[in-house]
1. Kindly establish whether ALA93 is at pLDDT 95 or above, within 15 Å of the chain's Cα centre (by Cα) and not polar (S, T, N, Q).
2. Inspect segment 136-144 for any residue being among the small types (Gly, Ala, Ser), under 14 Å from the mean Cα position of the chain (by Cα) and surrounded by 14 or more Cβ atoms within 10 Å (Cβ to Cβ) and give the result as yes or no.
3. Restricting attention to segment 93-124, and to residues there that are hydrophobic (A, V, I, L, M, F, W, C) and not in a helix (DSSP H, G or I), which single residue is surrounded by the fewest Cβ atoms within 10 Å (Cβ to Cβ)?
4. Considering segment 30-44 alone, what residues qualify as being open to solvent by less than 60 Å² (accessible area, probe 1.4 Å) and either part of a loop (DSSP other than H, G, I, E, B) or aromatic (Phe, Trp, Tyr) (or both)?
5. Every residue in segment 152-165 that is part of a helix (DSSP H, G or I) and open to solvent by 40 Å² or more (accessible area, probe 1.4 Å), please.
6. I'd like the full set of residues that are surrounded by 15 or more Cβ atoms within 10 Å (Cβ to Cβ) and under 25 Å from the mean Cα position of the chain (by Cα), limited to segment 49-62.
7. Need the failing condition index for LYS89 against (1) among the charged types (D, E, K, R); (2) open to solvent by less than 40 Å² (accessible area, probe 1.4 Å); (3) outside any helix (DSSP H, G or I), just the number.
8. Restricting the first residue to segment 32-50 and requiring it to be free of Cβ contacts under 8 Å to residues at least 12 places away in the same chain, which pairs with a second residue that is buried (at least 16 other Cβ atoms within 10 Å of the Cβ) meet a Cβ separation below 6 Å and a spacing of at least six or different chains?
Amino acid sequence: MMQAKPAATAQAPDPLDSRENQLLAIARRLFAQHGYDRTSLRDIAEAASITKAALYYYFPNKDALYERIVLESIQLLHDQVAAAVAQAKGPTARVRAFMEASAHVQDHGRDRWIAGSNAFWQAATGGQRMVALKLRDSYEGLLRQCIAEGIAAGEMRAVDPAMAGRFLLSALNQMPRWHRPDGKLSAVEVMQQFVDMLLHGLVIDKGAAAA
């Protein structure tokens, strides 16, 4: 008779990693509420009920927080959107996938989205900011590429892909200012309507409707 295998021993969570994640969550919340410039390490330490010296053990300065909050948020956004676009069939479907995946990231991490955006625009220039700029350019370039492919395939009018991309992204970036997470529609559902309006317009072509 086969002997039962012993149950696998669960690996204990790393308390250091858990505490670091808690501090990151507090920092994201404060950056989202007050902005990057108006949030100090002391503010984060007080919200976490620790001393400023204890916070230095995890993050010696705001640049370290910038790297974790901004770069990780942009990398997460870039990777999830790129994966969704890669699975979509056809240029128009890829534009939809890009916008809906972006809204999904916003839906499931509002503080992360706002904090990353605030810190991205408010933090001083430096090596880390250059990395963030490259990630942002790659993310936005993917949308322009999808639009350009739609034009080349005859699925979209011959518009300026960069301008169309800015139009879509402006709707996405403004959404946290008015959209309520507990409202009637999720960010993804709102974005689905936005993309429909962009692709099909608002004005009815009466001649085409009559035909």
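The values are calculated or read from the model by the stated rules, or taken from the named source; none is laboratory data. Predicted, not measured: the structure shown is a model, and the values here were computed from it. All Cβ positions, even for glycine, are placed from backbone atoms using ideal geometry, and neighbour counts span all protein chains on display. We work out accessible area using only protein heavy atoms, side chains counted, and drop any ligands, DNA or RNA first. Shrake-Rupley method; radii C 1.70, N 1.55, O 1.52, S 1.80 Å.
1. No.
2. Keep residues of segment 136-144 that are among the small types (Gly, Ala, Ser), which gives 138, 141.
Now restrict to residues that are under 14 Å from the mean Cα position of the chain (by Cα): 138.
Then drop every residue that is not surrounded by 14 or more Cβ atoms within 10 Å (Cβ to Cβ), which leaves none.
Checked segment 136-144: no residue is among the small types (Gly, Ala, Ser), under 14 Å from the mean Cα position of the chain (by Cα) and surrounded by 14 or more Cβ atoms within 10 Å (Cβ to Cβ).
3. So the first thing to find is which residues in segment 93-124 are hydrophobic (A, V, I, L, M, F, W, C), and the list is 93, 95, 97-99, 101, 103, 105, 113-115, 119-121, 123-124.
From what is left, the residues that are not in a helix (DSSP H, G or I) are 123-124.
On the way: ALA123: 19, ALA124: 10.
Applying the filter and picking the extreme gives ALA124.
4. Those that are open to solvent by less than 60 Å² (accessible area, probe 1.4 Å) and either part of a loop (DSSP other than H, G, I, E, B) or aromatic (Phe, Trp, Tyr) (or both): PHE31, GLY35, TYR36, THR39, SER40.
5. ALA152, MET163
6. TYR58, PHE59, LYS62
7. Only one criterion is unmet by LYS89, namely (2).
8. Sorted first by the residue in segment 32-50, then by its partner, the pairs are ALA45/LEU55.
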